[in-house]
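Working notes, structure below.
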Amino acid sequence: MELLLGPILYAKEQVTYDPQGEDTWSFFLNLFLRGTDPKQPLPMRLCFTDEQGAKVFTSEEARPAADFSWLQGHASGVVWRWEVILPRKSEARRLKYHFEDPAQPDRPFSFQPPALPKDQTLSYVFPKQPLVVDDVIVPAEGASPRIAFFSCNGSEDQKKDDQDSDESRGLWERMLDEHRSAPGHPRKPSGFQLLIGGGDQVYADSIRASMNEMKPIRKLSNTLREPVPNGFADRVMAEYVELYQEQWNGAQGIAPMLARVPGLFMWDDHDIFDGWGSYEDLQQTPWFQDIYSAAARAFEAFQIGHLESPKTPRLPDVGPWTPEQKRHYFQAMTFSSKDCDLDVVMLDLRSGRTSPPAKGKTKGRGNGEFPVMSEGQWKAFDDWREACCQRKTKKEGYKAHHILVVSSIPVVHLRFSKELESLAGRFTELRDDMLDQWESQIHRGERTRLIMDLFSLAKRSSASVTVLSGDVHLGAWGRIRSRHPEHQLDTQTAVGEAIIEQITSSPISNKPPDLLRFLGILAASKDSTENLHYFLQTELLPVGHDLYLRERNWLAIRVEPSRLDPPQPKLWARWVAEKSPLSMEVVVAPPRPLPLKKESPKADGLLPPDGTARPPLS
């Protein structure tokens, strides 16, 4: 039995916390195998053991999650999925798992490496066999998961990335080391239970160079108007499957974390190819549709972890919308604990993305608009916000609530002028970089809509909302303020504003811009405080000593319990940087309940979420 990819863990909602019942931690586990029949039971048992070697969970109920047996070559195989349910204890536990033949219990299974032609070798180090994976951490009873957040895992030029492999994978080693660290100092907690990928988990740009049939696409030639060659769609599908095998496999990089920490992922342009959404006049051609369809199905199989109808093409979410057609990947999960509810919302900013054509001759979706999020996804987001607010109102008593909104591109970042964006339209790469932002002139109306929706969500659900973003190859800290009374809870009126923090972490593997390029970006843009309407304000705050963290980085996020009554667990986010030792953290407190007695703001200790007093906005 050949191991093509995995193991990979996938997150599940944890909404069944019951202090009177059994507290469990659950997730899915996937393996991509060759030499199995999806119509026959998999002759393999999954076993989890504790530190003493005792079995705490076993399962033979593996089900096909994605059937790629119809593809040719290295991509042919079946993704199998197990559901894992583990009991929680009073303390966090570290477990191991392995696979075994039911006829030979207690003997870990050894997989074979993929069989390749004689002139080919594996592009990664095949994992040690028999396969035994350690350090899967089950959180303690009533605890929120500890989170590692990353983005931009790879490079546009895979050859350069391979040459720079030690440096590009260095932060993955840091993350694995911290995951394996022993309990102790609160700033170095015991591992992670949730891995969030904020975009560009793979870099598919290499596919355009590896396939000879992609020459018209590389040159954006007129042949894109012609029919695609026979079998092109299946060959592109195989290329995307093999891409995940190359970039998510091995004993280094992302693979060890995927095998140990349940993941939750959202794609960005490089998961399709660089600049998807900025080729409005070409994205309706059969060539681009076949590429998008392959990228979308591979994303479903390996980032979401489940692919239905693998031979059915996927289409971008840009046509007339109907409720029956779900063409986007909006996701939301709740992780409920004793003292706090934690929601993670993943916005899909690619399936519905459009931009004005480079020549500016065609209009947007019939009304001159070029949205970041499709109409269908806005409806899904609105429905989720309403359900979240209704869920909050039905609960008895106060409970802290944090909402993490993952936006692959930052809501607050650098701004380019309208004239500069127009000038960049003559150059594909510059145009892509400038228009591929919430801050772009063509997206600013929709950006304001998102900001207003986030403040409304925070108010109605009595929650703190924090935005996580990536994409820009810089670490940054942004803040959005609203002094509109409709956005403020009663406990926020004392300071006259509500606040949403934005934390940008990028890249974990790609290279940050060199100093010369970075200075050029700063010279062509603005990062000053911006006033929107009369009540909204955005600003960038320093990360360490500078406004930007220009080095590889990722985020460690935890929700810490408190001794207050009622409990108010704060959310702490810490950058882990490649070179700079950063001691700072962004701290977000949930909204506080009203005091029993009416007292002065000073006596109540009513301060903004970061705990510092400030004058009202001017």
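The values are calculated or read from the model by the stated rules, or taken from the named source; none is laboratory data. Computed from a prediction, not measured in an experiment: that's the story for all the values here. All Cβ positions, even for glycine, are placed from backbone atoms using ideal geometry, and neighbour counts span all protein chains on display.
Some points to look at:
- Only one entry in Thr36, Thr58 is surrounded by fewer than 18 Cβ atoms within 10 Å (Cβ to Cβ) and of a type in the set (Ser, Thr, Tyr), namely Thr58.
- Residues satisfying the stated conditions in segment 537-583, i.e. β-branched (Val, Ile, Thr) and surrounded by 22 or more Cβ atoms within 10 Å (Cβ to Cβ): Thr538, Val543, Ile557, Val559
- Residue tally, condition in contact with a strand residue (DSSP E or B) (Cβ under 9 Å, 6 or more places away or on another chain) and either at positive phi or outside any strand (DSSP E or B) (or both), over segment 487-544: 18
- Pairs meeting the criteria (first residue in segment 548-563 and over 20 Å from Ala148 (Cβ atoms), second residue of a type in the set (Lys, Arg), beta carbons under 8 Å, at least 6 apart or on different chains) are Ser562/Lys570.
- Options Ser293, Ser206, Ser210: the member that is crowded, with 21+ Cβ neighbours inside 10 Å and in contact (Cβ under 8 Å) with a residue 24 or more places away in the chain: Ser206
- Any hit, segment 609-618, residues being over 18 Å from Leu489 (Cβ atoms), at pLDDT below 90, touching a strand residue (DSSP E or B) at 6+ places or on another chain (Cβ under 8 Å) and surrounded by 12 or more Cβ atoms within 10 Å (Cβ to Cβ): no
- The residues on offer are Ile272, Ile254, and the sole one that is crowded, with 24+ Cβ neighbours inside 10 Å, out of contact with any strand residue (DSSP E or B) (no Cβ under 8 Å at 6 or more places or on another chain), of a type in the set (A, V, I, L, M) and modelled with pLDDT of 95 or more is Ile254.
- Qualifying residue in segment 363-378 (condition: more than 26 Å from the chain's Cα centre (by Cα), surrounded by 20 or more Cβ atoms within 10 Å (Cβ to Cβ), closer than 23 Å to Asp317 by Cα and modelled with pLDDT under 90): no
- Residues (surrounded by fewer than 15 Cβ atoms within 10 Å (Cβ to Cβ) and closer than 30 Å to Ser461 by Cα) located in segment 501-529: Thr529
- Val56 passes every criterion in (1) assigned to a loop (DSSP other than H, G, I, E, B); (2) without any contact (Cβ under 8 Å) to a residue 40 or more places away in the chain apart from (1).
- Flag if Phe27 is in contact (Cβ under 8 Å) with a residue 40 or more places away in the chain and touching a Gly at 6+ places or on another chain (Cβ under 6 Å): no
- Count of residues meeting criterion [not aliphatic (A, V, I, L, M) and not in a loop (DSSP other than H, G, I, E, B)] in segment 70-109: 15
- Among residues of segment 111-158 being of a type in the set (Asp, Glu) and not in a loop (DSSP other than H, G, I, E, B), the one that is surrounded by the most Cβ atoms within 10 Å (Cβ to Cβ) is Asp135.
- Some residue of segment 484-500 being small (Gly, Ala, Ser), more than 30 Å from Asp436 (Cα to Cα) and either surrounded by fewer than 23 Cβ atoms within 10 Å (Cβ to Cβ) or within 21 Å of the chain's Cα centre (by Cα) (or both): yes
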